[in-house]
Amino acid sequence: MMSVSTARAIQRSIERGGFVRRASARLDRRGSHKEWLHFSITTPELDVFINFSLADDARAGVEAPAEIARLTCAVRASRWDGDIDSFDGDDVGAKSGDLSVSFATNYVHYVEGTYRVVARLRKRPVSIDLSFVPKTIASQVNNIALNDAPPMHWFVVPKLLASGAVNCGNQTFELVNVPAYHDHNWGYFRWGQDF
């Protein structure tokens with residue numbers, strides 16, 4: 001059983017470092033900002049990968065500064081299934097300084113010491129409704145040097161316990177206190193760049 005003071009210290013560490021940054025091209029015009037919140041579970045029977053990401057849209061032909069919001073979910077039960085869904089700006093709720101992100105009806109909320117993650121893919125039979133309770137104080141590493149770009153930043157909660165339901169195809173998995181992992185990253189870099 002975790003002491004009240006330890007639980008409060010864990011909660012404070014997340015409130016102080018796990019908030020959304022949203023430093024996008026609309027603010028600084030660099031056009032290569034990326035930010036994502038990642039959760040994963042690995043057991044002998046099941047792997048679950050959930051990622052909410054926001055990235056400046058730096059594709060050729062994009063005139064106004066814009067972001068691309070994506071939800072990536074992959075589940076391995078008897079086999080792998082998953083997909084990547086993209087969302088328009090009107091469906092994205094991610095305010096700088098908040099501990100919550102929503103893409104339409106999919107979301108990550110951090111409330112009173114628990115992450116709640118709800119995700120349902122549009123075209124694949126994958127849905128996730130999980131609560132993640134952090135069991136360690138979060139760590140933040142700033143200014144991770146990259147070869148030819150500004151640094152990236154990494155916020156990690158390496159030990160959580162996940163409970164709830166994962167549906168994949170015609171299988172439903174009820175999880176109770178399964179070990180899990182979470183990180184939150186942000187910075188300016190290009191995919192494929194030398195890390």
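Observations
- Residues that are hydroxyl-bearing (Ser, Thr, Tyr) and either modelled with pLDDT of 95 or more or under 19 Å from residue 20 (Cα atoms) (or both) within the stretch 72-120 comprise 72, 86, 96, 100, 102, 105, 107, 110, 114, 115, listed in sequence order.
- Whichever residue in the stretch 10-25 is part of a helix (DSSP H, G or I) and surrounded by 14 or more Cβ atoms within 10 Å (Cβ to Cβ) and, among such residues, is modelled with the lowest pLDDT: 25
- Lone unmet requirement of (1) surrounded by fewer than 18 Cβ atoms within 10 Å (Cβ to Cβ); (2) hydrophobic (A, V, I, L, M, F, W, C); (3) modelled with pLDDT under 90 for residue 55: (1)
- Output for the stretch 77-105, where each listed residue is within 15 Å of the chain's Cα centre (by Cα), in contact (Cβ under 8 Å) with a residue 60 or more places away in the chain and in a strand (DSSP E or B): 101
- Checking residue 72 against (1) part of a strand (DSSP E or B); (2) in contact with a Lys or Arg (Cβ under 9 Å, 6 or more places away or on another chain); (3) among the β-branched types (Val, Ile, Thr), the condition it does not meet: (2)
- Residues in the stretch 121-142 that are at pLDDT 75 or above and assigned to a strand (DSSP E or B): 126, 127, 128, 129, 130, 131, 132, 133, 134, 139.
- The single condition among (1) of a type in the set (A, V, I, L, M, F, W, C); (2) modelled with pLDDT under 80; (3) surrounded by 15 or more Cβ atoms within 10 Å (Cβ to Cβ) that residue 145 does not meet is (3).
- Output for the stretch 71-91, where each listed residue is surrounded by fewer than 17 Cβ atoms within 10 Å (Cβ to Cβ) and hydrophobic (A, V, I, L, M, F, W, C): 80, 84
The values are calculated or read from the model by the stated rules, or taken from the named source; none is laboratory data. This structure is a prediction, so every number in the text was calculated from the model and none was measured. Note that each Cβ is placed from the backbone with ideal geometry, even for glycine, and that neighbours are counted across all protein chains shown.
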